[in-house]
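Heads up, the thing below is written out as structure tokens.
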Amino acid sequence: QLAAPSPETLAVAKEMMDLVSGDTVAQMSSAIMAQTMQPLERLPNMTPQKLAEVRAEVQKITVRFMTAALADAPAIYARHLSVAEMREIIAFYRTPTGTKTLKVFPQVMPEVFALMQSRMPQMQRELAEAIGPILQKR
């Protein structure tokens with residue numbers, strides 16, 4: 001088992017995570033809210049009052065989930081990156097290009113994931129065609 005990261009390593013990892021995550025919780029929560037609320041808004045028995053109550057619950061749970069999920073991230077970074085590497089990453093994200101990257105990344109990632117998801121059936125077909133004959137060999 002790996003040794004626990006030092007307090008300094010965890011502190012730098014938390015600093016990096018705070019910088020990198022920035023408003024990630026808010027942006028990701030907003031995206032999840034939109035995806036979750038859209039079908040609920042169309043329900044025939046949905047009233048504005050119910051919708052407001054549902055929206056409040058979805059937001060509360062989403063923010064709690066995202067915050068908890070990101071709380072463990074510094075320890076993960078600390079296992080994979082040295083203090084010096086994390087300080088380099090922090091320095092980069094404080095540059096104009098790094099700052100722009102942090103702002104654009106949450107907008108870019110859903111597009112990338114959607115693109116990958118749209119291509120997944122083709123990849124699965126190709127895998128089946130390539131692997132099927134291998135598996136059928138005696």
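The values are calculated or read from the model by the stated rules, or taken from the named source; none is laboratory data. Owing to the predicted nature of the structure, the values given are computational and were not obtained by experimental measurement. No Cβ is skipped: glycine too gets one built from the backbone with ideal geometry, and neighbour counts run over all protein chains shown. The accessibility values were calculated without ligands, DNA or RNA, using every heavy atom of the protein model including side chains. Shrake-Rupley method; radii C 1.70, N 1.55, O 1.52, S 1.80 Å.
Quick notes on this one:
- Odd one out for Arg87, checked against (1) among the charged types (D, E, K, R); (2) open to solvent by less than 100 Å² (accessible area, probe 1.4 Å); (3) touching a helix residue (DSSP H, G or I) at 6+ places or on another chain (Cβ under 9 Å); (4) closer than 26 Å to Val12 by Cβ: (2)
- Pick from the stretch 94-111, criterion among the aliphatic types (A, V, I, L, M) and either farther than 18 Å from Asp18 by Cα or surrounded by 12 or more Cβ atoms within 10 Å (Cβ to Cβ) (or both), ranking: modelled with the highest pLDDT: Leu102
- The number of residues in the stretch 27-54 being among the basic types (Lys, Arg) and either in contact (Cβ under 8 Å) with a residue 24 or more places away in the chain or in contact with an Asp or Glu (Cβ under 9 Å, 6 or more places away or on another chain) (or both) comes to 0.
- Qualifying residue in the stretch 40-62 (condition: within 14 Å of the chain's Cα centre (by Cα) and part of a helix (DSSP H, G or I)): yes
- Which listed residue is more than 25 Å from Thr99 (Cβ to Cβ) and not aromatic (Phe, Trp, Tyr), from Met28, Met37: Met37
- Filtering the stretch 3-24 to residues that are among the acidic types (Asp, Glu) and outside any loop (DSSP other than H, G, I, E, B) leaves Glu8, Glu15, Asp18.
- Criterion: at pLDDT below 85 and not charged (D, E, K, R) - qualifying residue of Ala73, Ala78, Ala114, Ala91: Ala114
- The residue of the stretch 68-84 that is nearest to Ser29 (Cα to Cα), among those that are open to solvent by less than 90 Å² (accessible area, probe 1.4 Å) and outside any helix (DSSP H, G or I), is Leu81.
- Flag if Phe65 is assigned to a helix (DSSP H, G or I), open to solvent by 60 Å² or more (accessible area, probe 1.4 Å), under 26 Å from Ala114 (Cα atoms) and of a type in the set (A, V, I, L, M, F, W, C): yes
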